[in-house]
Amino acid sequence: MSPNEEKKVAAQQKLRSWLDAKSNLDASCVVHQALNVLASKWLLLILLALTQRPKRNSELQRQIRGVSPKMLAQSLRQLEANGLVHRQVFAQVPPRVEYSLTPFGESIAPLLAELCDWSVTWQAQVQTFQPAAGQQLGGD
């Protein structure tokens, strides 16, 4: 068995073991709660961008194309409230604000790396399900 196959089998066994111990995946489930902290179109992209280094709002806006200034500000506030991002205000004129990952936010880096690897490995299938310009997935 190849190392990748061994890793896949180990992950499946770990998930099965964890799920067997849970009766349901409702709001009392810690994984459900964790996904509530992370599950947003923009939150993971912001965290991914901040793994490079601390960044200002304008840098994040340029790097994460498609996010509106309002949504970026809301997402950064949410990440800060959840303890994943630190906001540092520098006392200068004009004021300068930088965002960086907290140790809690840095702990997500290995998961983001796995997601990036998965995205590259399954790129063709992932791109198959992307909406055409102007359309949304699961739209009404």
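Rule-based calculations on the coordinates, nothing more; no lab input. What you see is a predicted model, and the numbers here were worked out from it, not measured in a lab.
Quick query: amide H of R56 versus all other amide H atoms, modeled in the peptide plane; which residues come in under 5 Å with a sequence gap of 5 or more or a different chain? Hits under the 5 Å cutoff: Y99.
Once the Cα-Cα distance is subtracted from the 0.36 nm per residue extended length, the V126 to L35 segment shows a gain of 30.7 nm.
Remark: the A73-D117 segment gains 13.0 nm on full extension, using 0.36 nm per residue and subtracting the alpha carbon distance.
Where does the chain land on Rg/Rh, using Cα atoms and the Kirkwood Rh? Intermediate results must be reported in sequence, preceding the final value.
On the way: Rg = 18.1 Å, Rh = 17.7 Å.
Taking Rh as the inverse mean 1/r over Cα pairs, Rg/Rh reads 1.02.
Which residue fluctuates the most in the chain, going by a Gaussian network model with Cα springs under 10 Å, if the choices are V126, V37, V67? Result for the chain, Cα springs under 10 Å: V126 fluctuates most.
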